[in-house]
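Colleague: Below is one structure. I have some questions about it.
The values are calculated or read from the model by the stated rules, or taken from the named source; none is laboratory data. Every value quoted in this text rests on a predicted model; they were computed, and no experiment measured them. Backbone-built Cβ (ideal geometry, glycine too); neighbour counts: all protein chains shown. The accessibility values were calculated without ligands, DNA or RNA, using every heavy atom of the protein model including side chains. Shrake-Rupley method; radii C 1.70, N 1.55, O 1.52, S 1.80 Å.
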Amino acid sequence: MRLFETAVAVAALFAAGTDAQIPKLPLPKSCSGVSNFRYQYTVASGWSAMKLAGGLKQVRTVIWDPAGNLLVAQATKGISVHTFGADGCLNSTNMLISGGQLNHGLALSPDGKKLYASGETAAYSWDYNVATRTVSNQKTVIKGISSGIHFTRTLAVVPQQPNLLLVQVGSNANLDMAAAQKETGRAIIKIFDTDKAPTSGFNYNTDGEVYGYGLRNTIGFTADPSGVFWGVENSGDDFRRSENGQNRDIHQNNPAEELNNLGNPLTTRNVWYGYPTCFAVWDPSSFSGLKTGSNFVLSPSSSFNDASCNGQATPPRLSFQAHSAPIWNTFDTDAKNMYVAFHGSWDRQPPTGFKVVQIPFQKLADGSYDPVAPADSQTGYKDIFSAPNPGGCTANGLTQSNCFRLTAAAWDPAGRGLFVGSDNSAEGEIYILSPTA
């Protein structure tokens, strides 16, 4: 049985919501005590960039409470809370929750009263007091999450039903064949009704409902004004394709990273996106008869081939250059654009990613939202902020690089633009990217 059978309109929540109560703030040119950008950058025409905060530890996720205070997930350190002065700069910073087990996920209920955060094997909740910026009543909401190479657990509260919590788990290997079974609780997003949480917490693998699976590592997902969630997917590394007796290295430009329409969590269940069997094409020159965004298999056979994938797996709505590593996505205020932060690649020469892109969206006649570009486009997005030479960026491990490693992406309710984080282990930073025209 589904948790809820009917959808509830959420456009008013998205457009008005608590953001309408947050006062507008100016965009400062600089803030006292904040050092210069640690790494060089370039910004697109029509945009400006400033560094708001530095000296943090591995910024992974940023969100706002109903008063416009900034909450930041700092991996292996905890959750910090930051307030703003009338000049638009930070005027106070405090650790809200200290915990080395917290490494990525952060979500807040629309009323600001319930806070969620995650570590590798569990997700937790607290009562949050907006006025005092304090938490109490810690509980384990979910336990028993599998460990593996993908150790972050993204969280999201469903805006139209805030008792519903989305929790994502990636694969435990590059090619995790067992993850084809939903019961493993890997390469999957599940939905939990927190109003019904047991005292000791849900078991991730056996409880909850399956929203979508076959998702290798959907680190970022966000809701549009209609309540539909959109996820950005990190696909596989080092792949070869065996076909007609030939074994070819295709990993330089395939498979594509993905933007997936995950559906409305009030009504969508058990959608399969292909992993670990089907993958999306970025460079069609490596295939016959396929386009960017089409699905393919690594070893076609008479019983299961590319056509099988394209008939059974849900394809991406839009594709990104292989190995870009999209890690967070967000909409602007009226959902005319989605923004995606790319962490940057290690499995490609020259590397790619290390940037933020803008994807134009449109509202269709039926009230749904959709990218402007067709599904087979390679030009459905544009760079707005990036390392000057991504091909020269090193990636020694997940957070070590001679460039920023872009992570958090969230639109500022105080009107200044897009907040973006970097979790480079040398210095965690937060930037504001602002439209200038």
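Colleague: Find the residue count for the range 220-241, including only residues that are at positive phi and either crowded, with 23+ Cβ neighbours inside 10 Å or among the small types (G, A, S) (or both).
Modeller: Taking the range 220-241 first, the residues at positive phi are 227, 238.
From the residues that got through so far, the ones that are either crowded, with 23+ Cβ neighbours inside 10 Å or among the small types (G, A, S) (or both) too are 227.
Matching residues across the range 220-241 total 1.
Colleague: Given (1) open to solvent by 50 Å² or more (accessible area, probe 1.4 Å); (2) within 30 Å of C393 (Cα to Cα); (3) of a type in the set (S, T, Y), identify the lone condition not met by S345.
Modeller: Just one mismatch for S345, condition (1).
Colleague: Show the residue pairs meeting these rules: Cβ distance below 9 Å; 6+ apart or different chains; first residue within the range 164-180 and free of Cβ contacts under 8 Å to residues at least 12 places away in the same chain and farther than 18 Å from G144 by Cα; second residue open to solvent by 50 Å² or more (accessible area, probe 1.4 Å) and small (G, A, S).
Modeller: Going by the 9 Å Cβ cut-off, there are no qualifying pairs.
Conditions tested, residue by residue: (1) on the phi > 0 side of the Ramachandran plot; (2) more than 23 Å from the chain's Cα centre (by Cα); (3) among the polar types (S, T, N, Q).
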| site | (1), (2), (3) |
| --- | --- |
| M95 | no, yes, no |
| A107 | no, no, no |
| G112 | yes, no, no |
| S118 | no, no, yes |
| A123 | no, no, no |
| V130 | no, yes, no |
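Colleague: Let me ask you something else. If you check N244, N217, which single one turns out to be crowded, with 17+ Cβ neighbours inside 10 Å and polar (S, T, N, Q)? Show your work before the answer.
Modeller: Numbers: N244 fails: crowded, with 17+ Cβ neighbours inside 10 Å.
Matching residue, one of N244, N217: N217.
Colleague: E233 is checked against (1) among the charged types (D, E, K, R); (2) modelled with pLDDT of 95 or more; (3) more than 22 Å from the chain's Cα centre (by Cα) and fails just one. What number does that condition carry?
Modeller: Here E233 clears every test but (3).
Colleague: Let me ask something else about it. Of these, T152, T199, T222, which one is under 25 Å from G78 (Cβ atoms) and in contact with a strand residue (DSSP E or B) (Cβ under 6 Å, 6 or more places away or on another chain)? Walk me through how you get there before you give the answer.
Modeller: On the way: T152 fails: in contact with a strand residue (DSSP E or B) (Cβ under 6 Å, 6 or more places away or on another chain); T199 fails: in contact with a strand residue (DSSP E or B) (Cβ under 6 Å, 6 or more places away or on another chain).
Step by step, each of T152, T199, T222 is checked, and only T222 is under 25 Å from G78 (Cβ atoms) and in contact with a strand residue (DSSP E or B) (Cβ under 6 Å, 6 or more places away or on another chain).
Colleague: Please indicate, with yes or no, whether at least one residue in the range 236-256 is assigned to a loop (DSSP other than H, G, I, E, B), over 26 Å from N305 (Cβ atoms) and in contact with a strand residue (DSSP E or B) (Cβ under 7 Å, 6 or more places away or on another chain). Walk me through it before giving the result.
Modeller: Restricting attention to the range 236-256, the residues satisfying the condition of being assigned to a loop (DSSP other than H, G, I, E, B) are 236-239, 244-245, 250-256.
If we keep only those that are over 26 Å from N305 (Cβ atoms) as well, we get none.
Within the range 236-256, none of the residues are assigned to a loop (DSSP other than H, G, I, E, B), over 26 Å from N305 (Cβ atoms) and in contact with a strand residue (DSSP E or B) (Cβ under 7 Å, 6 or more places away or on another chain).
Colleague: So N424 ticks every box in (1) open to solvent by 10 Å² or more (accessible area, probe 1.4 Å); (2) in contact (Cβ under 8 Å) with a residue 40 or more places away in the chain; (3) more than 21 Å from P316 (Cβ to Cβ); (4) part of a loop (DSSP other than H, G, I, E, B) but one. Which box is left unticked?
Modeller: All conditions are met except number (1).
Colleague: Report, by residue number, each residue of the range 368-383 that is surrounded by 15 or more Cβ atoms within 10 Å (Cβ to Cβ), out of contact with any Lys or Arg (no Cβ under 8 Å at 6 or more places or on another chain) and hydrophobic (A, V, I, L, M, F, W, C).
Modeller: Result: A373, single match.
Colleague: If you don't mind, another one. Starting from residues that are open to solvent by 20 Å² or more (accessible area, probe 1.4 Å) and either within 21 Å of the chain's Cα centre (by Cα) or closer than 21 Å to T436 by Cα (or both), keep the ones in the range 402-421 and report whichever is modelled with the lowest pLDDT. Explain how you work it out, then say what you get.
Modeller: Initially, the range 402-421 is screened for residues open to solvent by 20 Å² or more (accessible area, probe 1.4 Å), giving 402, 411, 415.
Now drop any that are not either within 21 Å of the chain's Cα centre (by Cα) or closer than 21 Å to T436 by Cα (or both), which leaves 411, 415.
Working: W411: 98, G415: 94.
Of everything passing the filter in the range 402-421, G415 is modelled with the lowest pLDDT.
Colleague: For the range 260-276, give me each residue that is open to solvent by 50 Å² or more (accessible area, probe 1.4 Å) and part of a loop (DSSP other than H, G, I, E, B).
Modeller: Residue satisfying the conditions is N270 alone.
Colleague: Is at least one residue of the range 170-179 in contact with a strand residue (DSSP E or B) (Cβ under 7 Å, 6 or more places away or on another chain) and closer than 27 Å to T407 by Cβ? Write out each step before concluding.
Modeller: Filtering the range 170-179 for residues in contact with a strand residue (DSSP E or B) (Cβ under 7 Å, 6 or more places away or on another chain) gives none.
Within the range 170-179, none of the residues are in contact with a strand residue (DSSP E or B) (Cβ under 7 Å, 6 or more places away or on another chain) and closer than 27 Å to T407 by Cβ.
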